[in-house]
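Working notes, structure below.
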Amino acid sequence: MKEAVAGELAAAYHSGIVDEVRANDFQYRAGRLTVHLAREFGFCYGVDRAVDYAYQARRRFPDQNVYLTGEIIHNPHVNDRLRAAGIRFLSESAAPWDSLGPNDVVILPAFGVTVADMARLADQGCTLVDTTCGSVLNVWKNVVRYAQDGFTAVIHGKIKHEETRATASQALKYPQGRFIVVLDRDEAQVVCDYVRSGGSAPAFLARFGDAVSPGFDPDRDLERIGCANQTTMLMSESLEIGEMLRAAMAERYGEADLPRHFRAFDTICSATQERQDAVIALLDTRPLDLMLVVGGYNSSNTCNLARLCADRVLTFHIAEPECLVSGDEIRHRPVGAPSTTVRSEQVSRGWLPTPNPLSVGLTAGASTPNNIVGEVIERLSQYATL
Ligand code: SF4
């Protein structure tokens, strides 16, 4: 079946121009324009596999309803193509979950679903096509181990993101399992302060809202903690948060007793790490006038790539080639807000710098297919060389 869909996938997502750019030392030249493509960009192994499985599922079950629980990955172009192939999205379907049964096929996305959703679909007898990425499963394994051993999982992630909700739910497989989700350094600092000196439990719980497990008691549940991540966070921030928590626990319980109170493991997936490393290398080695970051506005890893770039150079996060409306006008998502925060698309003018020669950096999130990257290069070339 894999061979059967290979041609379909290539036709949908391959780009000849991207192949040429790769072969040309990741550079594209046209007139005054040079595009420097990051050496790691676009579809990761987990997304590749998830999209492949979705196409295979559509073929394998031609006479059955095939559903996705929601977006398979956070890229509008890919999701639209799956809709066009006849796959329905439960998150936007009139068909309620209750009506699903043995004749229905349900594809689980690369970032997984919660334990409760998985159990519900299995109980209803649906055929499940599980595309949960191995890197996500690795995080789950560690969070389950924390729960087994009575450690609270402190998850660096976004509580509204599907992956983080699924990961947090793993902690509740055991009665003593607990979790708390911290979005950033500021929230991690709140946890560290409580670990060091205690404080008002109601104020702490009000601060974190639904980002803690039911019945969370910071006086009890911060005594033994283990770090975990949403796989697509900024690696540097995750490492820093892990170190902040380690230092707070060491101060509270002493270095000698630390292993009884603190655990950590690296859960940023290698694909996310490689894309972040590649964009940093690009920023370090090329003098850029502008950076374009391509990917869904709700894609966590794309938003984080944009954050990295915006610290160093004028950066626009665009979702699709059409965002380059003209040589004067660009549609883009303002950089900085977490991917789970809805930010209106913004229109800016005068986005294309005038120098001759013009040097533009380009990267794409792990859920962006090559054909989109190729079309961005073509549009950019059209406007920059006018
Ligand atoms: S970004 Fe990482 S965890 Fe997510 S699907 Fe890709 S490889 Fe898997």
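For the pair Leu239 and Val342 in one chain, pulling the backbone fully straight at 0.36 nm per residue adds 34.4 nm over the alpha carbon distance.
Taking a ≥ b ≥ c as the square roots of the eigenvalues of the Cα gyration tensor, region 216-255 is classed as oblate, since a/c reaches at least 1.5 and a/b does not exceed b/c. Compute the label zone of Glu274 within region 307-343: residues whose backbone N is under 12 Å from the point 7 Å along Cα-to-Cβ. Counting backbone N atoms under 12 Å from the label point, the list is empty. Solvent-accessible surface of region 239-386, taken per residue with a 1.4 Å probe and all protein chains present: 41 Å².
Using the rule -39500 (n - 2.57) for each DSSP H run of four or more residues, divided by the residues of the chain, the 222 nm mean residue ellipticity is -13000 deg cm²/dmol.
The Rg/Rh ratio for region 294-371 is 0.95, where Rg is the radius of gyration of the alpha carbons and Rh is the Kirkwood radius. Each other residue within a Cβ distance under 9 Å of Tyr297 adds +1 if Lys or Arg and -1 if Asp or Glu, for a net charge of +1.
This model, with +1 at the C-beta of Lys and Arg and -1 at the C-beta of Asp and Glu, gives the chain a dipole about its Cα centre of some 80 debye.
Summary of the geometry: region 1-56 and region 228-291, compared by the centres of their Cα atoms, lie 28 Å apart.
For the chain, what class follows from the C-alpha gyration tensor (a ≥ b ≥ c being the square roots of its eigenvalues): rounded when a/c is under 1.5, otherwise prolate if a/b is larger than b/c, else oblate?
oblate
Once the Cβ-Cβ distance of Glu329 and Asp130 is raised to the sixth power relative to R0 = 51 Å, the FRET efficiency obtained is 0.75. Once the chain from Arg220 to Ala247 is taken as fully extended at 0.36 nm per residue, the excess over their C-alpha distance is 7.8 nm. A protection proxy built from the mean count of other Cβ atoms within 10 Å ranks the segments 292-305, 150-163, most packed first, as 292-305, 150-163.
When the square roots of the Cα gyration tensor eigenvalues are ordered a ≥ b ≥ c, the ratio a/c for region 93-205 is 1.5 or more and a/b exceeds b/c, which makes its shape prolate. Each semi-axis of the equivalent ellipsoid for region 173-312 is √(5λ) with λ an eigenvalue of the Cα gyration tensor; in descending order they amount to 33, 17, 14 Å. Annotation: amide H of Tyr67 within the under-5 Å range of Arg88, Val105, Val106, Ile107, sequence separation 5 or more or interchain, hydrogens built in the peptide plane. Counting only protein heavy atoms and using a 1.4 Å probe, what share of the accessible area of region 40-172 belongs to carbon plus sulfur, as a whole percent? C and S fraction of accessible area: 49 percent.
Per atom type, region 228-283 shows carbon and sulfur on 54% of its accessible surface, probed at 1.4 Å.
Here the Karplus relation 6.51 cos²θ - 1.76 cosθ + 1.60, evaluated at θ = phi - 60°, turns the backbone of region 159-170 into coupling constants of 4, 8, 7, 3, 5, 5, 4, 5, 5, 4, 5, 5 Hz, with x for every Gly and Pro.
Maximal additional length on extending the Arg22-Ala4 stretch stands at 3.8 nm, based on 0.36 nm per residue less the C-alpha distance.
Summing Lys and Arg as +1 and Asp and Glu as -1 over all other residues whose Cβ lies under 11 Å from the Cβ of Asn142 gives a net charge of +1. For the chain, the antiparallel share of DSSP beta bridges with both residues in that region comes to about 25%.
The values are calculated or read from the model by the stated rules, or taken from the named source; none is laboratory data. The structure displayed is predicted, hence computed values, not measured ones. Every residue, glycine as well, gets a Cβ built from its backbone with ideal geometry; the counts of neighbours run over all protein chains shown. These accessible areas exclude ligands, DNA and RNA; they are computed on the full protein's heavy atoms, side chains included. Shrake-Rupley method; radii C 1.70, N 1.55, O 1.52, S 1.80 Å.
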